[in-house]
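The values are calculated or read from the model by the stated rules, or taken from the named source; none is laboratory data. Worth saying up front: this structure is predicted, and the values here are computed from it rather than measured. Here the Cβ positions follow ideal geometry from the backbone for every residue, glycine too, while neighbour counts run over all protein chains shown.
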Amino acid sequence: CKQSEPPVNFIQCSELHQVTSCAWVPDSCQLFTGSKCGVITAYLNRFTNSTPLEIEVESQAHLYGHTAEITSLFVCKPYSILISVSKDGTCIIWDLNRLCYVQSLTGHKSPVTAVSASETTGDIATVCDSVGGGSDLRLWTVNGDLIGHVHCREIICSVAFSNQPEGVS
(Lines give C-alpha, C1' and ligand atoms only; values in the text may rest on other atoms or scores of the structure.)
Protein backbone atom coordinates (compact mmCIF):
# COMPACT_ATOMS: atom_id res chain seq x y z
CA CYS A 1 0.00 0.00 0.00
CA LYS A 2 1.45 3.35 -1.01
CA GLN A 3 1.46 6.21 1.46
CA SER A 4 -0.67 8.29 -0.90
CA GLU A 5 -3.45 5.69 -0.82
CA PRO A 6 -6.04 5.82 1.96
CA PRO A 7 -5.87 3.09 4.64
CA VAL A 8 -8.09 0.05 4.17
CA ASN A 9 -10.46 -1.01 6.93
CA PHE A 10 -10.39 -4.81 6.74
CA ILE A 11 -12.53 -5.40 9.84
CA GLN A 12 -16.11 -4.22 9.45
CA CYS A 13 -18.06 -3.68 12.65
CA SER A 14 -21.13 -1.93 14.00
CA GLU A 15 -21.02 1.08 16.33
CA LEU A 16 -21.59 -1.25 19.32
CA HIS A 17 -18.65 -3.46 18.32
CA GLN A 18 -16.33 -0.54 17.57
CA VAL A 19 -12.70 -1.62 18.12
CA THR A 20 -11.15 0.01 21.20
CA SER A 21 -7.93 -2.02 21.50
CA CYS A 22 -5.98 -4.74 19.73
CA ALA A 23 -3.09 -7.17 20.19
CA TRP A 24 -1.18 -9.24 17.62
CA VAL A 25 0.60 -12.59 17.81
CA PRO A 26 2.92 -12.43 14.78
CA ASP A 27 4.21 -16.01 14.61
CA SER A 28 0.77 -17.59 14.96
CA CYS A 29 -0.93 -14.92 12.83
CA GLN A 30 -3.60 -14.17 15.42
CA LEU A 31 -5.15 -10.74 15.87
CA PHE A 32 -7.30 -9.89 18.87
CA THR A 33 -9.62 -6.90 19.03
CA GLY A 34 -11.44 -5.56 22.05
CA SER A 35 -14.70 -3.73 21.52
CA LYS A 36 -16.83 -1.00 23.00
CA CYS A 37 -19.38 -3.60 24.20
CA GLY A 38 -16.77 -5.73 26.01
CA VAL A 39 -16.43 -8.58 23.51
CA ILE A 40 -13.02 -9.78 22.34
CA THR A 41 -12.77 -11.18 18.82
CA ALA A 42 -9.94 -13.49 17.77
CA TYR A 43 -9.01 -13.42 14.08
CA LEU A 44 -6.85 -15.86 12.16
CA ASN A 45 -4.75 -14.09 9.53
CA ARG A 46 -3.19 -15.68 6.49
CA PHE A 47 -1.00 -14.07 3.88
CA THR A 48 -2.05 -15.26 0.43
CA ASN A 49 0.37 -16.55 -2.18
CA SER A 50 -1.70 -15.25 -5.09
CA THR A 51 -1.18 -11.53 -4.47
CA PRO A 52 1.82 -10.02 -2.67
CA LEU A 53 0.93 -8.27 0.58
CA GLU A 54 -2.64 -9.57 0.50
CA ILE A 55 -4.00 -10.83 3.79
CA GLU A 56 -7.06 -12.94 4.57
CA VAL A 57 -8.72 -12.20 7.91
CA GLU A 58 -11.11 -14.78 9.33
CA SER A 59 -13.05 -14.46 12.59
CA GLN A 60 -12.01 -17.40 14.76
CA ALA A 61 -13.80 -16.93 18.10
CA HIS A 62 -15.52 -14.46 20.42
CA LEU A 63 -14.44 -14.22 24.06
CA TYR A 64 -17.09 -13.06 26.53
CA GLY A 65 -16.39 -11.98 30.11
CA HIS A 66 -16.46 -8.19 30.25
CA THR A 67 -19.59 -6.03 30.48
CA ALA A 68 -18.06 -2.72 29.37
CA GLU A 69 -15.50 -1.35 26.91
CA ILE A 70 -12.18 -3.20 26.61
CA THR A 71 -9.46 -0.67 27.46
CA SER A 72 -6.36 -2.77 26.76
CA LEU A 73 -5.22 -6.19 25.52
CA PHE A 74 -1.82 -7.78 26.06
CA VAL A 75 -0.42 -10.99 24.59
CA CYS A 76 2.27 -12.85 26.56
CA LYS A 77 3.39 -15.49 24.06
CA PRO A 78 5.91 -17.33 26.31
CA TYR A 79 3.08 -18.09 28.76
CA SER A 80 0.44 -18.55 26.03
CA ILE A 81 -1.94 -16.03 27.57
CA LEU A 82 -3.97 -13.04 26.47
CA ILE A 83 -4.85 -10.53 29.19
CA SER A 84 -7.79 -8.16 28.78
CA VAL A 85 -8.88 -5.25 30.96
CA SER A 86 -12.06 -3.24 30.90
CA LYS A 87 -13.90 -0.16 32.08
CA ASP A 88 -16.06 -2.51 34.20
CA GLY A 89 -13.07 -3.05 36.52
CA THR A 90 -12.34 -6.59 35.35
CA CYS A 91 -9.07 -8.18 34.28
CA ILE A 92 -9.28 -11.58 32.58
CA ILE A 93 -6.57 -14.06 31.61
CA TRP A 94 -7.37 -16.12 28.49
CA ASP A 95 -5.63 -19.22 27.10
CA LEU A 96 -4.08 -18.32 23.71
CA ASN A 97 -4.08 -21.90 22.42
CA ARG A 98 -7.62 -22.93 23.36
CA LEU A 99 -9.11 -19.39 23.21
CA CYS A 100 -10.89 -19.86 26.51
CA TYR A 101 -11.23 -18.26 29.94
CA VAL A 102 -8.52 -19.08 32.52
CA GLN A 103 -9.23 -16.76 35.46
CA SER A 104 -10.01 -13.22 36.60
CA LEU A 105 -7.74 -10.93 38.61
CA THR A 106 -10.13 -9.39 41.13
CA GLY A 107 -10.05 -6.43 43.47
CA HIS A 108 -10.08 -3.49 41.08
CA LYS A 109 -12.64 -0.96 42.28
CA SER A 110 -12.68 1.21 39.15
CA PRO A 111 -11.97 0.94 35.40
CA VAL A 112 -8.76 -0.93 34.59
CA THR A 113 -6.90 1.19 32.07
CA ALA A 114 -3.59 -0.58 31.35
CA VAL A 115 -2.04 -4.04 31.51
CA SER A 116 1.29 -5.70 30.74
CA ALA A 117 3.05 -8.97 31.52
CA SER A 118 6.67 -10.01 31.93
CA GLU A 119 7.80 -12.41 29.23
CA THR A 120 10.49 -13.73 31.61
CA THR A 121 8.44 -14.33 34.80
CA GLY A 122 4.83 -14.15 33.65
CA ASP A 123 4.07 -11.52 36.31
CA ILE A 124 1.20 -9.21 35.37
CA ALA A 125 0.86 -5.48 36.08
CA THR A 126 -2.54 -3.78 36.04
CA VAL A 127 -3.42 -0.10 36.40
CA CYS A 128 -6.78 1.28 37.46
CA ASP A 129 -8.12 4.72 38.22
CA SER A 130 -7.96 5.54 41.92
CA VAL A 131 -11.17 6.69 43.60
CA GLY A 132 -9.35 9.65 45.19
CA GLY A 133 -7.45 10.60 42.01
CA GLY A 134 -4.29 9.22 40.48
CA SER A 135 -3.83 5.52 39.76
CA ASP A 136 -3.48 2.20 41.56
CA LEU A 137 -0.77 -0.16 40.28
CA ARG A 138 -1.06 -3.87 41.10
CA LEU A 139 1.43 -6.69 40.50
CA TRP A 140 0.19 -10.29 40.16
CA THR A 141 1.79 -13.68 39.55
CA VAL A 142 0.85 -15.48 36.34
CA ASN A 143 -1.26 -17.74 38.60
CA GLY A 144 -3.37 -14.78 39.70
CA ASP A 145 -1.94 -14.18 43.18
CA LEU A 146 -1.62 -10.53 44.16
CA ILE A 147 2.03 -9.71 44.93
CA GLY A 148 1.39 -6.12 45.96
CA HIS A 149 -0.10 -2.78 45.05
CA VAL A 150 0.79 0.89 45.31
CA HIS A 151 -1.17 4.12 44.95
CA CYS A 152 0.34 6.82 42.72
CA ARG A 153 -0.83 10.43 42.87
CA GLU A 154 -0.05 10.76 39.18
CA ILE A 155 -2.13 9.13 36.47
CA ILE A 156 -0.40 6.08 34.94
CA CYS A 157 -1.16 5.92 31.20
CA SER A 158 0.74 2.74 30.30
CA VAL A 159 2.85 0.02 31.87
CA ALA A 160 5.60 -2.27 30.53
CA PHE A 161 8.17 -4.84 31.65
CA SER A 162 11.76 -5.31 30.55
CA ASN A 163 12.40 -8.50 28.58
CA GLN A 164 15.93 -8.90 29.95
CA PRO A 165 16.78 -12.10 31.87
CA GLU A 166 15.56 -11.96 35.47
CA GLY A 167 18.29 -11.25 38.02
CA VAL A 168 20.89 -10.39 35.37
CA SER A 169 19.93 -6.88 34.29
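At a glance:
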{"read-out": "Enumerated strands (runs of 3 or more DSSP E) restricted to the stretch 39-111, each holding at least 3 residues that are of a type in the set (A, V, I, L, M) and either surrounded by 15 or more Cβ atoms within 10 Å (Cβ to Cβ) or at pLDDT below 95 (or both)", "value": "40-47, 55-63, 70-76, 81-86"}
{"read-out": "Residue that is nearest to the chain's Cα centre (by Cα) [pool: residues in the stretch 14-38 that are under 21 Å from ARG98 (Cα atoms) and surrounded by fewer than 16 Cβ atoms within 10 Å (Cβ to Cβ)]", "value": "TRP24"}
{"read-out": "Members of the stretch 130-151 that are in a strand (DSSP E or B) and out of contact with any Leu (no Cβ under 6 Å at 6 or more places or on another chain)", "value": "SER135, ASP136, LEU137, ARG138, LEU139, LEU146, HIS149, HIS151"}
{"read-out": "Test for SER135: is it touching a Cys at 6+ places or on another chain (Cβ under 7 Å), modelled with pLDDT of 95 or more, among the small types (Gly, Ala, Ser) and surrounded by 12 or more Cβ atoms within 10 Å (Cβ to Cβ)", "value": "yes"}
{"read-out": "Residue among VAL115, VAL127, VAL159 that is in a loop (DSSP other than H, G, I, E, B) and surrounded by 15 or more Cβ atoms within 10 Å (Cβ to Cβ)", "value": "VAL159"}
